[in-house]
Amino acid sequence: MSENFTLVEMEGKKAKLGKNVRIGYNSVIYPDVELKDNVVIGDNCIIGKTAERAKTSTLKKELYAPLIIGEGSTVCAAAIICSGTTIGKDTLVGDGAFIREKCVIGDNCLVGRGVTVENDTRIGNNVKMQAHAYITAWVTIEDNVFIAPCVTTTNDNFMGRTEKRFALKKGATIKKGARIGANAILLPGITVGKEAFVAAGSIVTKDVPDYKLVKGIPAKVIRDVPGEEWSEQVKSKIF
């Protein structure tokens with residue numbers, strides 16, 4: 001463990017560190033943090049910071065539960081993870097990733113380089129999110145999902161205008177085993193079905209049925225996803 005990191009102390013409280021935790025150079029670990037055994041924190045990370053609010057934000061500032069990072073997980077260089085989030089076992093958070101408050105991320109996941117995961121998001125086990133994907137607030141991602149680079153999810157059809165938006169704000173729901181291709185865009189409230197496949201560059205404006213491949217602008221059903229590609233049929237690890 002490097003000696004060149006900071007354990008912030010507030011009101012006599014410090015972070016809880018498990019056995020064999022390693023922390024890199026210039027990282028800052030806030031008090032409301034619990035790092036389980038064998039966690040690795042890379043250089044220049046900020047772990048357990050409180051999310052700030054813009055003056056124009058509609059979210060209220062609140063107190064959050066401690067940030068928990070599960071056994072055997074790794075946080076790579078320059079990542080930022082806010083308080084109030086839970087990360088499971090053996091998950092890797094890539095260089096420069098940003099994870100907001102009140103998120104749950106499961107076991108054996110990959111949060112790729114530069115990925116942003118906004119607040120109140122639920123992510124299952126064995127999920128792979130590749131570089132620069134944007135996961136907006138209030139998204140649900142089930143187990144065994146693959147998110148390719150630069151995928152964008154959205155949650156507000158009114159883009160910050162009118163009071164009507166508050167009742168209709170909703171992120172996507174991506175069901176078990178689905179795959180989202182590079183640069184695809186999911187509109188607010190979309191459900192991508194179980195084992196479905198969204199082709200690269202598609203704009204998804206309607207729900208995607210289970211086991212279907214969609215592509216295009218707007219995305220349309222093209223064919224079934226072959227059974228040999230379903231995640232439940234894959235005996236080896238997905239990644």
- Query: Which residue, Leu63, Leu92, Leu35, tops the fluctuation ranking in a GNM of the chain built on C-alpha contacts under 10 Å?
  - Reply: Leu63
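Using a ≥ b ≥ c from the Cα gyration tensor of the stretch 67-145 (square roots of the eigenvalues), is it rounded, prolate or oblate, where a/c under 1.5 gives rounded and otherwise the larger of a/b and b/c decides, a/b for prolate?
rounded
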- Message: As a test, work out the antiparallel percent of DSSP beta bridges whose residues both lie in the chain, rounded to the nearest 5.
- Response: 10 percent
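Structure shown: which of Lys128/Lys169; Lys169/Lys212; Lys89/Lys194; Lys175/Lys206; Lys13/Lys49; Lys169/Lys220 lie over 20 Å apart, alpha-carbon to alpha-carbon? Show your work: numbers first, answer last.
Numbers: Lys128/Lys169 25 Å; Lys169/Lys212 26 Å; Lys89/Lys194 24 Å; Lys175/Lys206 14 Å; Lys13/Lys49 14 Å; Lys169/Lys220 24 Å.
Cα-Cα > 20 Å for Lys128/Lys169; Lys169/Lys212; Lys89/Lys194; Lys169/Lys220; rest within.
Kindly identify the chain as rounded, prolate or oblate by the Cα gyration tensor criterion: order the square roots of the eigenvalues as a ≥ b ≥ c, call it rounded if a/c is under 1.5, otherwise compare a/b with b/c, prolate if a/b is larger, else oblate.
On the way: a/c = 2.52, a/b = 1.48, b/c = 1.70.
It comes out oblate by the Cα gyration axes.
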- Task: Quick one: among Glu229, Glu142, Glu163, which has the greatest mean-square fluctuation in a GNM of the chain with alpha-carbon springs under 10 angstrom?
- Result: Glu163
- For the chain, what's the relative contact order in percent, using C-alpha pairs closer than 8 Å and at least 6 residues apart? 9 percent
- Task: Could you work out the local net charge near Ile87, counting Lys and Arg as +1, Asp and Glu as -1, over the other residues with Cβ closer than 11 Å to its Cβ?
- Result: -2
- Say we join alpha carbon atoms closer than 10 Å with springs in a Gaussian network model of the chain; which of Gly96, Gly177, Gly12 then has the biggest fluctuation? Gly12
- Item | Gyration tensor (alpha-carbon) shape descriptor, the stretch 119-239, a/c threshold 1.5 | prolate
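Any read-out appearing in this document is the output of simple, stated calculations on the displayed coordinates, not a laboratory observation. Worth saying up front: this structure is predicted, and the values here are computed from it rather than measured. Positions of Cβ are generated from backbone atoms using ideal geometry, with glycine treated the same way; all protein chains shown enter the neighbour counts.
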